[in-house]
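Let me begin by presenting the structure, written as structure tokens, before commenting on it.
The values are calculated or read from the model by the stated rules, or taken from the named source; none is laboratory data. This structure is a prediction, so every number in the text was calculated from the model and none was measured. Positions of Cβ are backbone-derived with ideal geometry, glycine not excepted, and every protein chain shown enters the neighbour counts. For the accessible areas, the whole protein counts, side chains as well, though only heavy atoms, and no ligand, DNA or RNA atoms are used. Shrake-Rupley method; radii C 1.70, N 1.55, O 1.52, S 1.80 Å.
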Amino acid sequence: MKSAIHNWYKFTAGFSYKFVDLIIDDMSTIPNCIYEPFAGCGTTLVAAQKKGISSVGNESQKLMCDIINAKLNWDIDIKIYDRYMNQILCYVKEYSGIDISELHCHKLLEGLYDQITLKELYLIRNSIRLLDDEKYQLFFNLAISQTLHKSAIHPIAVPYIVRSKKQINCGNALEKFQGIARQMLEDLKTVPHKKRLAQVYNVDSRKKNNELSDGCCDLCITSPPYLNNLDYGEVSKVHTHFFELTNNWHDITEKIRHNLVTGATTHYKDADFNIDNFYVSEFAMANKRLMSDLKDTYYNIIENSRERNGKKSFNILMMHYFEDMYYVLKEMYRILAPNSKAYLILGDSAPYGVYVPTTSFLGEISQSLGFGDYEIYKIRERGNKWKGLKNRHNIGLSENILVLNKK
């Protein structure tokens with residue numbers, strides 16, 4: 001959160017760049033190219049670039065791809081920056097008298113900002129669209145995405161809008177935007193070089209990325225979505241609505257959720273799931289021993305949900321999740337060269353009090369795809385802060401590192 005470049009966008013599910021540094025520093029040889037199937041806010045790619053190492057990543061959300069590209073473009077010229085910033089300020093001043101209704105602000109954002117702030121935000125956004133250099137558009141768009149957080153009436157960073165709380169220092173969007181952009185420019189003075197060494201693709205990692213050849217990477221560092229019902233499409237809706245990538249619930253489902261590993265019950269329709277058809281899927285046929293455990297867990301979740309009057313179909317979510325991760329690991333195996341390792345930060349879960357050993361299950365799935373023996377290292381206990389909640393299970397959960405070995 002305090003490291004230059006990394007802190008340009010505070011992602012709900014981000015992890016520490018120090019983990020990437022630790023893995024690289026502990027290797028006997030410098031990796032040729034690092035693969036990141038869940039690029040997120042770019043932690044692995046930025047950390048690799050800081051060390052002068054090439055990397056490639058997939059990220060299925062267009063918003064996050066733009067954020068990553070902004071964080072990887074380090075050759076920002078101060079003279080060009082000043083010219084564009086002046087252009088933005090002149091535009092905002094010129095159109096400051098416009099009626100806010102002409103800006104067609106999204107209803108969701110209308111409830112998050114006072115009218116002066118909202119007008120400034122939309123005018124800044126519109127002025128950035130007029131810049132004739134995509135690299136600087138990305139830079140300033142990232143600055144305004146941070147401004148959205150800092151100028152809102154209610155906190156919108158954790159992970160949903162917290163309408164029960166109010167931010168003390170809200171408003172002043174234009175002033176905050178200028179300060180954030182200037183700090184980003186200052187941060188670029190700390191980078192070790194200006195070379196662009198990373199490439200991010202707007203690709204779903206469950207599918208083959210035809211831009212990446214077989215065996216092109218010799219290390220993978222990632223943190224996949226956890227099996228904890230966090231809806232990444234919902235988390236980013238303030239930004240996607242503001243940048244007009246989405247406009248409503250349907251857009252979030254069609255343009256974002258369908259391209260993500262199934263991590264929330266909002267990603268699918270219960271009626272579309274058929275357990276008998278699932279048993280003959282590619283994933284199930286390749287993991288027959290594991291399917292016995294998954295089947296037991298599936299029905300235990302159903303039983304516990306009835307006892308707790310639970311409405312969420314966590315049993316179906318679990319099945320979709322592991323099937324999706326099977327295809328992620330399949331593509332990972334293709335991209336990694338022989339004698340490579342993959343490091344995955346993962347958390348286990350206990351939907352309706354039924355323990356799901358996510359890390360070891362994914363280790364078993366990896367072996368069905370050709371990976372060798374896997375290792376699990378516990379990082380920390382998790383979920384303790386929720387133990388006081390009513391109906392909360394008392395099962396101890398952990399966050400782990402899963403290490404996969406490609407022979």
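Provide the net charge surrounding E120, with neighbours chosen by a C-beta distance below 11 Å and charges set as Lys +1, Arg +1, Asp -1, Glu -1.
Here the count lands on +2.
GNM, the chain, Cα, under 10 Å: largest mean-square fluctuation among K135, K311, K330?
K311
I'd like the carbon and sulfur percentage of the solvent accessible area for the range 230-331, probe radius 1.4 Å, heavy atoms only, ligands and nucleic acids excluded.
Carbon plus sulfur share of accessible area: 46 percent.
Give the ranking of V280, V92 by solvent-accessible surface, highest area first, calculated with a 1.4 Å probe.
V280, V92
Based on the alpha-carbon gyration tensor of the range 13-154 and its eigenvalue square roots a ≥ b ≥ c, which shape applies: rounded if a/c is under 1.5, prolate if not and a/b is larger than b/c, or oblate?
Cα axes put the range 13-154 in the prolate bin.
Skipping prolines and chain starts, which residues have an amide H placed within reach, meaning under 5 Å, of the one on Q199, given they are 5 or more residues away or on another chain?
S55, V56, G57
Please work out whether the range 200-285 counts as rounded, prolate or oblate from its C-alpha gyration tensor, where a ≥ b ≥ c are the square roots of the eigenvalues and a/c under 1.5 means rounded, while otherwise a/b larger than b/c means prolate and anything else oblate?
Oblate, because a/c is 1.5 or more while a/b does not exceed b/c.
Which residues' amide hydrogens lie under 5 Å from the amide hydrogen of R382, considering only partners 5 or more residues apart or on another chain, with H built in the peptide plane?
Sorted by chain and number, the residues that satisfy this are L397, S398, E399.
Would you mind computing, in nm to one decimal, how far apart the modelled labels at Y355 and K79 are, each placed 7 Å from Cα along Cα→Cβ?
Taking the two extended label points, one gets 6.5 nm.
Heavy-atom accessible area of D214 with all protein chains present, probe 1.4 Å, nearest 10 Å²?
110 Å²
Please list, ordered by chain and number, the residues whose modelled amide H lies under 5 Å from the amide H of G347; skip anything fewer than 5 residues away on the same chain.
L227, N400
Quick one: which of 176-184, 367-375 comes out on top by average Cβ neighbours within 10 Å, and what's the full order, highest first?
Ranking, from highest mean packing down: 176-184, 367-375.
Can you give the helix-only mean residue ellipticity at 222 nm for the chain, where every DSSP H stretch with n ≥ 4 adds -39500 (n - 2.57) and the sum goes over all residues, rounded to the nearest 500 deg cm²/dmol?
One gets -13000 deg cm²/dmol as the mean residue ellipticity at 222 nm.
For the range 75-210, what Kirkwood radius comes out of the mean inverse Cα-Cα distance, in Å?
16.7 Å
Specify the inter-centroid distance of the range 47-66 and the range 222-271, based on alpha-carbon positions, in whole Å.
20 Å
Starting from the residue with the highest accessible area, list R289, R334, R129 in decreasing order, probe 1.4 Å.
Largest accessible area first, the list is R289, R129, R334.
Per the Debye formula with a single identical scatterer at each Cα and no solvent contribution, what log10 I(q)/I(0) holds for the range 297-374 at q = 0.15 Å⁻¹?
The computed values of log10 I(q)/I(0) come out as -0.59.
Which whole-number percent gives the relative contact order of the range 276-373, counting Cα pairs below 8 Å spaced six or more residues apart?
With pairs under 8 Å counted, the relative contact order is 32 percent.
Suppose we keep just the DSSP beta bridges with both residues in the chain; what percent of those would be antiparallel, to 5?
The antiparallel proportion sits near 55 percent.
Does the chain come out rounded, prolate or oblate by the C-alpha gyration tensor, with a ≥ b ≥ c the root eigenvalues, rounded set by a/c under 1.5 and, if not, prolate when a/b is larger than b/c and oblate if not?
oblate
Sort H241, H193 by accessible area with a 1.4 Å probe, largest first.
H193, H241
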